[in-house]
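For reference, the structure is listed below as structure tokens.
Just so you know, all these numbers are worked out from the coordinates, no wet-lab data involved. Everything quoted here is computed from the prediction, not taken from an experiment. Backbone-built Cβ (ideal geometry, glycine too); neighbour counts: all protein chains shown.
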Amino acid sequence: MEVILDLYQRSYNPDTPLICMDEQPIQLINEVRTPLPAGSNCVERYDYEYKRNGTANVFMFTEPLDGWRKVSIRQRKKKEDWAMEIRSLMTEDYPDVERVILVCDNYNTHTIGALFKAFKPEEAADIMKRLEIHHTPKHGSWLNIAEIELSALTRQCFNGRRIGEIETVRFETKEWVKTRNSNQISVDWQFTAKDARVKLKRLYPQIKMA
């Protein structure tokens, strides 16, 4: 926990950007009946019945200090999918930086081994050399700033809507990212290791002095 909190206290350095990454599944849902449009005396009406159309997975990357985020929608969340997203991050979004510091949850897909499973050893090694991974502790995913972005995306883009096609999800999230990035919305993280030692002191060992 303190390692992650210390990372968030570092000054912005474009040569070693701090990137937070998180993911979440979403359910694709189609309407069974066409919604009735709003009229002069009523709101738009939807039928309770719906049809499941599979699932998709949202990959969220954000650089909190720079106010940048990127969303990718994939049908699966296997190791190969994560590895493809990391390669895109390193070769397309940050091809010229010295090193990328990545904060992500402690899932079994978020490992260096995933790179070697997806790519040839030489390519995987090239990515690995420029990637510094820090996992949030178990039961401590709230430390991942990308969760804040995922929450905002869910509220502003998905809540109360039925989207049945993955291409529609991709279009909607692309527009959301474009708007949010253009507004340069950054995260002002205030919780520090010093705060944790007070508010979360139950997590620390109790040392009795002789």
Note down, for region 1-116, the three equivalent ellipsoid semi-axes (square root of 5 times each alpha carbon gyration tensor eigenvalue), biggest first, whole angstrom. 38, 19, 13
Going by how many other beta carbons lie within 10 Å of each one, how would you line up THR111, THR136, fewest first? THR111, THR136
How far is helix 79-88 tilted off the main Cα axis of the chain, in degrees rounded to 10, range 0 to 90? 80
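Between exposed trypsin sites (Lys or Arg not before Pro) in the chain, where DSSP calls loop and at most 15 other Cβ atoms lie within 10 Å, what's the longest gap?
Longest site-free region, per DSSP loop and neighbour criteria: 162-207.
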Sorted from largest down, give the three principal axis spans of the alpha carbons of region 96-165, whole angstrom values. 46, 31, 27
For mean projected area of the Cα convex hull in nm², calculated from these coordinates, the label among (i) 11.6; (ii) 10.6; (iii) 16.7: (iii)
Quick one: VAL97, VAL71, fewest Cβ neighbours within 10 Å first, how do they rank? VAL97, VAL71
Please give the net charge around ALA114, taking every other residue with its beta carbon less than 12 angstrom from that of ALA114, where Lys and Arg add +1 and Asp and Glu add -1. +2
